[in-house]
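Every number in this text was worked out from the coordinates using simple rules, so none of it is lab data. Just so it is clear, the structure is predicted and the values come from calculations on it, not from any experiment. Because the Cβ atoms are built from the backbone with ideal geometry, glycine has one as well, and the counts that use them run over all protein chains shown.
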Amino acid sequence: MAVSHRTNRLKLIGTPAVEQLQNGRYQLTVNCTTMNSREDWYSANKARIFPDFGSLESAEMSIDGLAPRTGEAYTDMRLVSVQSSTQQEKYIVTLVYQTLGDSFVQVKDDTVTYTENGLRRVTRESIAKAGTDFQKTVGTTSINSQIDTETAVQCFLSSYEIDDTDSYREVTEIYVEPGEIQTSTKPGRIDGTTEVTIVSTGTAVVPTGELIFSSETEKQGYSTFTRTAIQGTITGTKQTYKDVVAVDVPGQVKCTTESGTTGAGGTVAIVQVTPRRSKRVSATVTIEVTTTSPGAITPAYDLGSISCSVTTKRESFNIFPGFLETNQSYSLSANTQTYPGCFLTSSRSTGTVSYDSKIRKEASNATSTVKTSCAGFGSGSAAGWTETGILKRKSRPLLTALDGTTYYEVITWSA
């Protein structure tokens with residue numbers, strides 16, 4: 001007598017095939033014949049012989065349902081495939097079941113591969129009945145991957161894919177070992193240094209040295225980190241060389257007196273000037289990197305605080321005796337001249353010229369007197385001007401590290 005399967009309308013052909021799968025799962029293949037091979041394939045009759053996907057192997061069908069025999073039913077054995085065929089005028093229905101519970105079970109052991117940087121990549125395939133909740137977080141969920149007796153390697157979930165059917169939910173998870181995936185180096189923007197950039201996943205790998213750049217990108221919850229650091233000696237003297245620089249030499253101003261050359265004699269106040277001038281000197285140029293911006297300096301060959309002026313005054317007095325009265329005249333004029341970059345070596349001088357100014361012999365005596373003077377004001381020496389020290393200095397910020405330290409390039413010309 002033939003044995004029915006789930007309904008009196010499906011009769012077993014022989015013995016079902018059982019395949020043992022990994023992790024306590026089974027696959028059951030059942031071949032059955034139908035009661036009415038001529039009409040059971042009709043659309044109207046499919047419900048009599050085709051169970052629902054995901055239904056239990058032990059569940060009675062809604063039409064002519066039949067319970068399993070004692071000990072026959074497998075735990076969580078659910079329908080994953082059903083199809084029909086014809087063999088010698090018999091209508092054959094083949095039903096395939098698999099163990100599908102309400103929690104995920106691995107289909108097989110993990111597949112382990114390695115990236116080009118030697119980091120472990122783990123692919124894990126798991127399966128459960130349809131609609132089973134999957135609760136894992138990319139970038140946070142982790143596993144300990146171990147091959148044989150090696151030390152376990154912690155890997156973090158980087159992505160996953162869910163394959164849903166009416167029978168089951170299958171999930172493929174990708175776990176990646178955190179660590180360095182790319183390292184690049186280039187000459188640093190500061191002489192004598194190298195900039196090292198490390199790109200890492202899962203966790204930040206920070207190169208040694210002064211950290212100058214940091215970024216983090218996230219894709220589907222999995223983070224990629226980029227860190228750049230300067231390695232080598234950052235501060236200190238980087239270069240020294242010679243240069244020729246034009247400098248200024250202060251001039252000299254002297255208030256003095258010049259004697260006349262005519263018979264009248266006398267003196268006149270004059271200004272003797274040695275103008276400021278330029279010359280070229282050899283300078284030592286030093287390029288250095290510091291963590292502080294240089295302050296004010298007192299440069300060498302600086303004429304900024306040296307200057308003077310001289311006021312020249314001319315005073316004229318004339319007396320002309322007449323027949324009835326004496327006539328006289330007086331005039332006064334002054335002029336001021338400035339001398340930037342010059343200092344006074346003598347600040348005062350005076351001169352006087354007196355002479356008989358009559359024209360005819362019969363005329364009364366007439367006298368003329370001319371007085372001149374020079375008065376200097378301003379710098380009386382070259383104080384503040386020196387031929388040694390710093391000629392000029394330039395500075396600019398090169399970069400600012402993540403800890404807030406700013407590095408400056410300082411170029412100094414000194415004599």
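List of remarks:
- Residue among Ala128, Val105, Thr115 farthest towards the positive dipole end of the range 101-177, charges placed on Cβ: Thr115
- Rounded to the nearest 20 debye, the dipole magnitude of the chain is 3080 debye, with +1 charges on Lys and Arg beta carbons, -1 on Asp and Glu beta carbons, and the Cα centre as origin.
- Using a Gaussian network model of the chain in which every pair of alpha carbons under 10 angstrom is joined by a spring, one finds that among Asn327, Asn335, Asn31 the greatest mean-square fluctuation is at Asn327.
- Low-density loop cleavage sites - GluC sites (Glu not before Pro) in the range 128-181, where at most 10 other Cβ are within 10 Å (DSSP): Glu150
- Taking Ser215, Ser329, Ser167 in turn, the Gaussian network model of the chain (Cα-Cα springs below 10 Å) assigns the largest fluctuation to Ser329.
- Only lysines eight or more places from Lys11 in sequence, or on another chain, were considered; those with a Cα closer than 29 Å are Lys46, Lys90, Lys129.
- Gaussian network model of the chain, Cα within-10 Å springs - most flexible of Phe377, Phe104, Phe320: Phe320
- Helix-only [θ]222 nm of the chain, DSSP H runs n ≥ 4, -39500 (n - 2.57) each, per residue, nearest 500: 0 deg cm²/dmol
- Computed over the range 108-176, the P(r) curve from all C-alpha pair distances, binned at 10 Å from the origin, holds 20, 48, 26, 7, 0 percent per bin.
- The range 108-176, relative contact order in percent, only Cα pairs under 8 angstrom and at least six apart counted: 36 percent
- Calculated FRET efficiency, Gln20 to Thr183, Cβ-Cβ distance, R0 = 51 Å: about 0.60 to the nearest 0.05.
- Pairs exceeding 21 Å between alpha-carbon atoms, taken from Lys238/Lys279; Lys186/Lys242; Lys186/Lys394; Lys238/Lys392: Lys238/Lys279; Lys186/Lys242; Lys186/Lys394.
- Modelled FRET efficiency - R0 35 Å, Gln87 with Thr172, Cβ distances, 0.05 increments: 0.40
- Nearest-0.05 FRET efficiency for Thr290 and Ser103, computed from C-beta distance (R0 60 Å): 0.40
- By the equivalent-ellipsoid construction on the alpha carbon gyration tensor, the range 10-99 comes out with semi-axes of 23, 14, 12 Å, ordered largest to smallest.
- Rg over Rh for the chain works out to 1.63, both radii taken from alpha-carbon positions and Rh defined as the Kirkwood radius.
- Going from the residue with the fewest nearby Cβ atoms within 10 Å to the one with the most, Glu125, Glu210 rank Glu125, Glu210.
- At a Cβ-Cβ separation cutoff of 4.7 angstrom, cysteine residues of the chain with no neighbouring cysteine are Cys32, Cys155, Cys308, Cys342.
- Residue range of the chain that is longest and free of trypsin sites (Lys or Arg not before Pro) which are both DSSP loop and sparsely packed (at most 16 other C-beta within 10 Å): 190-357
- The residue list Ser55, Tyr42, Thr70 was ranked by how far each Cα lies along the charge dipole of the range 30-77 toward its positive end, using unit charges on Cβ atoms, and Tyr42 comes out on top.
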